[in-house]
Amino acid sequence: MKKIISKITLGLLLLSSSAFADKEKVSLLLDWFVNPDHAAIIIAQQEGFFEKNNLEVEIIEPADPSMPPKLVAAKKADLAVDYQPQLQMQVAQGLPLVRIATLVNSPLNSLVVLKDSGIKNIEDLKGKKVGYSVSGFETALLDSMLKSVNLSAKDVELINVNWSLSPSLMSKQVDAVIGAFRNFELNQLKIEKEEGVAFFPENYGVPKYDELVVVANKETVSQEKYKNFVKALQEATKYLKENPKKSWESFVSYKPKELNNKLNTLAWNDTIPYLAQNPAVFDKVVYKKMATFMKENKLIKTIPNLDDYAKELLK
C-alpha cells in the first residue's frame, strides 16, 4: 500500500513539475507605468488567470513609451499595449503589427479646461492657448473638434507642454489641454482643489475608437500562447467587473507603494466602466471609420487592409 501511495505521489509531482515547465513565457510591454487602464492585465497576473492558462507573463513598464510597438515589430518582445489610432499609423508606415485584444474600447482622450476659465463651450476657445503633448493625432482631434463649430486650429495658439497637461492648465500657461485622459486628469485636478470640465472628441465630429489595445507581431500572431493570453484577459475582465472592490485590492497589491494612492483610487472607479467587456472582440466599423478619418486628416497616406492588422483570435 505504501509503495502504491509513493508511486501516486511521485506521479503527481511529475505532473506538477511538467505543467510548470510547459508554461509559455510571454513578454508584455505596457504603454506607460502601471495604472488602472491596465486593470485587466494586472488582475490576470495577480489572480492567477495567466497561470491558469499556462502562461508566465513578464509585465514591463517602458522607459520610452514610444518604443513598445517598435520592439514587438522587431521581435524583441512578444506583446505591447498600444492605441488604435497609433496602430493604424504604425501599420500604414509598414510595421508588422496586429491587434489581438482590447483593454479599453472607448476614447479616454479629451479636451479639458478649468471650470472657472470662462470657457463654456468649444466656440469659446477662439483666440485661446491650447496645450498638447504629441503633435499629429492629438492636434488632428483638436482641429476636428474646432471644425464642428466652424473654427480651426488656426483660431487657437498651440503650445507643446511636454506631457505636463494638468500643471500647465493650473499655472495658467494654457487655457485648455488636448490629450487629457478623462479618467485621470480630471481626478488629478480634483486632488489639487481645481475643477476641470472635459469635452469629449466623439461628441464633436471625431469617430469613436478603441483607446487601448494589445498588439503582436504579424509573423508570430498564430502562436497558441496568444490565444491563451486573450482568454486570460477575458477571465480577468469578467472577474473584475463582478468584483470591483476585491479587484482593487488585488490591483494595488501588485505594487502597493506605487499604486495605492488617491489618484489611482479615484481613477479606478472612473476607469472600470470604460474597460472592454470582451477583450477578444472588436468593431470593424469603428476601425474603418477611424482609418477614413485619419486619411482625411493626412495622418496616413493609404488605408491599410483591416484584416491584415486586426484579428479576433477567439471565436
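See the values below:
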{"read-out": "Quotient of C-alpha Rg and 2.2 N^0.38 Å, computed over segment 179-245", "value": "1.63"}
{"read-out": "Cβ charges +1 (Lys, Arg) and -1 (Asp, Glu), total dipole of segment 181-315, debye", "value": "260 debye"}
{"read-out": "Computed [θ] at 222 nm, helices only, for the chain once each DSSP H run of length n ≥ 4 contributes -39500 (n - 2.57)", "value": "-12000 deg cm²/dmol"}
{"read-out": "Net charge contributed by nearby residues that have their C-beta within less than 12 Å of Lys288 (K/R +1, D/E -1)", "value": "+2"}
{"read-out": "Under the Karplus curve 6.51 cos²θ - 1.76 cosθ + 1.60, θ = phi - 60°, whole-Hz ³J(HN,Hα) for segment 127-144, x wherever Gly or Pro sits", "value": "x, 9, 9, 10, x, 8, 10, 10, 6, x, 5, 4, 5, 5, 4, 4, 4, 5"}
{"read-out": "Rounded accessible area of Glu249 (nearest 10 Å², 1.4 Å probe)", "value": "100 Å²"}
{"read-out": "Principal semi-axes in Å for segment 109-203 [√(5λ), Cα gyration tensor, largest first]", "value": "19, 14, 12"}
{"read-out": "Hz values of 3J(HN,Hα) by residue in segment 295-305 - Karplus curve (6.51, -1.76, 1.60), Gly and Pro given as x", "value": "5, 4, 9, 6, 8, 9, 7, 10, 8, x, 5"}
{"read-out": "Accessible area expressed per residue, the chain, with surrounding protein chains retained (probe 1.4 Å, Å²)", "value": "49 Å²"}
{"read-out": "Lys241 accessible area, assembled protein chains, probe 1.4 Å, Å²", "value": "60 Å²"}
{"read-out": "Protein accessible area in segment 80-202, 1.4 Å probe - carbon and sulfur %", "value": "46 percent"}
{"read-out": "For segment 177-315, projected area of the alpha-carbon convex hull averaged over all directions, nm²", "value": "10.9 nm²"}
{"read-out": "Cα-based Lys proximity count in segment 109-203, under 21 Å, for pairs eight or more positions apart or on separate chains", "value": "25"}
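The values are calculated or read from the model by the stated rules, or taken from the named source; none is laboratory data. Not measured: the values here are computed from a predicted model. All Cβ positions, glycine included, derive from the backbone under ideal geometry; neighbour counts span all protein chains shown. Protein only, heavy atoms only, side chains kept; ligands, DNA and RNA dropped before computing areas. Shrake-Rupley method; radii C 1.70, N 1.55, O 1.52, S 1.80 Å.
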